[in-house]
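Below is one structure, written out as structure tokens; the observations come after it.
The values are calculated or read from the model by the stated rules, or taken from the named source; none is laboratory data. Keep in mind that what you see is a predicted model, and the values were worked out from it rather than measured. In this analysis, Cβ positions are derived from the backbone assuming ideal geometry, glycine residues included, and neighbour counts consider all displayed protein chains. Heads up: the accessible areas ignore ligands, DNA and RNA and are worked out on the full protein's heavy atoms, side chains in. Shrake-Rupley method; radii C 1.70, N 1.55, O 1.52, S 1.80 Å.
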Amino acid sequence: MRYPKNLQKGGIIGFVAPSFGCATEPYKSAFLNAQKKFKEMGYQCQLGPNCYASEGIGISNTPEKCGQELMEYYCNDTSDVLISCGGGELMCEDLPYVDFEKIKEAKPKWYLGYSD
């Protein structure tokens, strides 16, 4: 197993929404508060395009766009760790759009899932 580096002060937390996002209340307010707290702690926040999207039912966007967002944010060097901004039960629909070989070759990155 490859272990990623720990998040350093000033590091960038990338947020993605591979299933349900934060487009409605109370999720939107809670997510905004979480971003505020992380910034107060000295971290930067980078939001994926689906975090506030509400294009699907029970999922932030199409499974293809959710899978693309997850791939882009995991494999890029602009965020140090990833957090899923919302939970949900439809993330499995993203799997056909995830390139696991590309993830395997990418620099390891901590990824925190979230669900209710």
Could you give every pair whose Cβ atoms fall below 8 Å, whose first residue belongs to segment 19-34 and is farther than 16 Å from Gln46 by Cα, and whose second residue is in a helix (DSSP H, G or I) and aromatic (Phe, Trp, Tyr), counting only separations of at least 6 or pairs across chains?
-> Phe20/Tyr27
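Could you say which residue among Glu105, Glu101, Glu93 is among the acidic types (Asp, Glu) and over 18 Å from Tyr3 (Cα atoms)? Steps first, please.
Values: Glu105 fails: over 18 Å from Tyr3 (Cα atoms); Glu101 fails: over 18 Å from Tyr3 (Cα atoms).
The unique qualifying residue is Glu93.
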Give me the pairs, please: first residue somewhere in segment 88-99 and closer than 15 Å to Val16 by Cβ, second residue anywhere and at pLDDT 90 or above and open to solvent by 40 Å² or more (accessible area, probe 1.4 Å), beta-carbon distance under 7 Å, and either six or more positions apart or on two chains.
-> Gly88/Phe20; Tyr97/Glu64; Tyr97/Gln68
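So how many residues does segment 79-92 have that are open to solvent by 20 Å² or more (accessible area, probe 1.4 Å) and modelled with pLDDT under 95? So that I can check it myself, show each step before the final result.
Keep residues of segment 79-92 that are open to solvent by 20 Å² or more (accessible area, probe 1.4 Å), which gives 80, 83, 88-92.
Then keep just the ones that are modelled with pLDDT under 95; that gives 88-92.
Number satisfying all stated conditions: 5.
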Counting only residues in segment 61-78 that are free of Cβ contacts under 8 Å to residues at least 40 places away in the same chain and among the hydrophobic types (A, V, I, L, M, F, W, C), the one most open to solvent (accessible area, probe 1.4 Å) is identified as Cys75
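Need at least 2 residues that are in contact with a strand residue (DSSP E or B) (Cβ under 8 Å, 6 or more places away or on another chain) per element, so show me which helices (runs of 4 or more DSSP H) inside segment 9-116 make the cut, counting only ones lying wholly within it. Give the steps one after another, and end with the answer.
Working: elements: 27-40, 63-75, 100-105.
Answer list for segment 9-116: 27-40, 63-75.
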Of all residues making up segment 94-109, the number that are open to solvent by 30 Å² or more (accessible area, probe 1.4 Å) and in contact with an Asp or Glu (Cβ under 9 Å, 6 or more places away or on another chain) = 3
